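The values are calculated or read from the model by the stated rules, or taken from the named source; none is laboratory data. Bear in mind that the values here come from a model prediction, so they are computed numbers and not experimental data. FYI the Cβ positions are ideal-geometry reconstructions off the backbone, even for glycines, and counts take in every protein chain you see.
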Amino acid sequence: MDIKSMLGGLAFALMWSSAFTSARMIVADAPPLTALALRFLISGVIAVAIARALGQSWRLSRGQWRATVIFGICQNALYLGLNFVAMQTLEASMAAIIASTMPLLVALAGWAIFGERLSLLGFLGLLAGIGGVVLIMGARLSAGVDIFGLVLAGIGALALTLATLAVRGASSGGNVLMIVGLQMLIGSASLSLVALGSESWVVHWSPRLIAAFFYTTLVPGLLATWVWFWLVNRIGALRAATFHFLNPFFGVAIAAMLLGERLGLLDVIGVAVIAAGILAVQLSRTQGSRGAAGTGAGPEGDQPI
């Protein structure tokens, strides 16, 4: 892996992880679902416009439309919608840790439900990741973490996991930026329907709210997505996904620095164990793909988180 790929992977992990802190800032002063629907509307329009300028078409294949609709609803509406609601009472660091377990959940579901092979390294990584989550949960529950927010974030992670397993490989065939933009617009439409019936437009305007909203829309929303696909095209989806092991570190560190969220010793140990577990799982999948390359088989490409 060359230096550009390493820097790109670090940048992606940093941008993705920072979204939880900026989201926490947004939901403190604005209705969560309405704000998220507006964010996706802006991001989606920009992405589609850029895609059209690059010559991409919205005439997608059946598999691409299936992936677009499933991810638009499960990732943008359910996963992020539930996280935005949860972060009204749940700390950004806790939301980031739960979301970071998605690679572990995908590997666990693939092994338990679909019978996918899992090497010893991958199995040990799963055990380590689960152990790290249990360690942090125990510490946070004893400190009085909001259970309702915790449950919402957990359901969101499960929804994204199931969507990822359902549409693996369906985004192949080009029009990547167009697919991303349409996913955002589908998420925006879905969230708008729920927001209209459940939220009132009460916003406490502040420079922090405006900055956090535009940062979330443009950086984690658009720039991180572009960096992800650049990275996938450069080094492959499996090797690119290895950088997800940095997300727990970055998510907790950014929340502590910008929001002043507490960081105990058990949190540090748990995050380190989770990160090691994610790295072990991703490395085992990378090794498995190399072994399968000689037979013409191999795992399908991952969807970005």
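Brief remarks on what is shown
- The number of residues in the range 121-153 being under 18 Å from Leu82 (Cβ atoms) and among the small types (Gly, Ala, Ser) comes to 2.
- Close contacts from the range 240-269, counting a first residue that is touching a residue at least 40 places away in the same chain (Cβ under 8 Å) and surrounded by 15 or more Cβ atoms within 10 Å (Cβ to Cβ) and a second that is of a type in the set (Asp, Glu) and in a helix (DSSP H, G or I), with Cβ to Cβ under 9 Å and a gap of 6+ residues or different chains, come to Val252/Asp267.
- Odd one out for Leu196 among (1) under 26 Å from Ala224 (Cα atoms); (2) among the hydrophobic types (A, V, I, L, M, F, W, C); (3) free of Cβ contacts under 8 Å to residues at least 40 places away in the same chain: (1)
- Qualifying residue in the range 17-27 (condition: more than 22 Å from Thr164 (Cα to Cα) and surrounded by fewer than 19 Cβ atoms within 10 Å (Cβ to Cβ)): no
- Against the test of being touching a residue at least 24 places away in the same chain (Cβ under 8 Å), assigned to a helix (DSSP H, G or I) and among the small types (Gly, Ala, Ser), the options Ser18, Ser57 yield a single qualifying residue, Ser18.
- Put simply, of Ile235, Ile186 the only residue that is surrounded by 15 or more Cβ atoms within 10 Å (Cβ to Cβ), β-branched (Val, Ile, Thr) and over 27 Å from Gly132 (Cβ atoms) is Ile186.
- Restricted to the range 235-257, and to residues there that are of a type outside the set (Gly, Ala, Ser) and over 21 Å from Gly270 (Cα atoms), the residue that is modelled with the lowest pLDDT is Leu238.
- Inclusion of Leu38 among residues that are in contact (Cβ under 8 Å) with a residue 24 or more places away in the chain and either farther than 26 Å from Leu259 by Cβ or of a type in the set (Asp, Glu) (or both) is not warranted.
- Of the helices (runs of 4 or more DSSP H) lying entirely inside the range 207-279, those carrying at least 1 residues that are within 28 Å of Ala37 (Cβ to Cβ) are 207-218, 224-235, 247-259.
- Residue satisfying condition, being modelled with pLDDT of 90 or more and of a type in the set (A, V, I, L, M), within set Val202, Val219: Val219
- Pairs linking a residue in the range 210-238 that is under 23 Å from Leu185 (Cβ atoms) and small (Gly, Ala, Ser) to a residue that is buried (at least 20 other Cβ atoms within 10 Å of the Cβ) and modelled with pLDDT under 85, with Cβ atoms under 9 Å and 6 or more positions apart or on different chains, are Ala224/Pro304.
- Residue check, Gln64 in a helix (DSSP H, G or I) and either over 27 Å from Ser200 (Cα atoms) or among the charged types (D, E, K, R) (or both): yes
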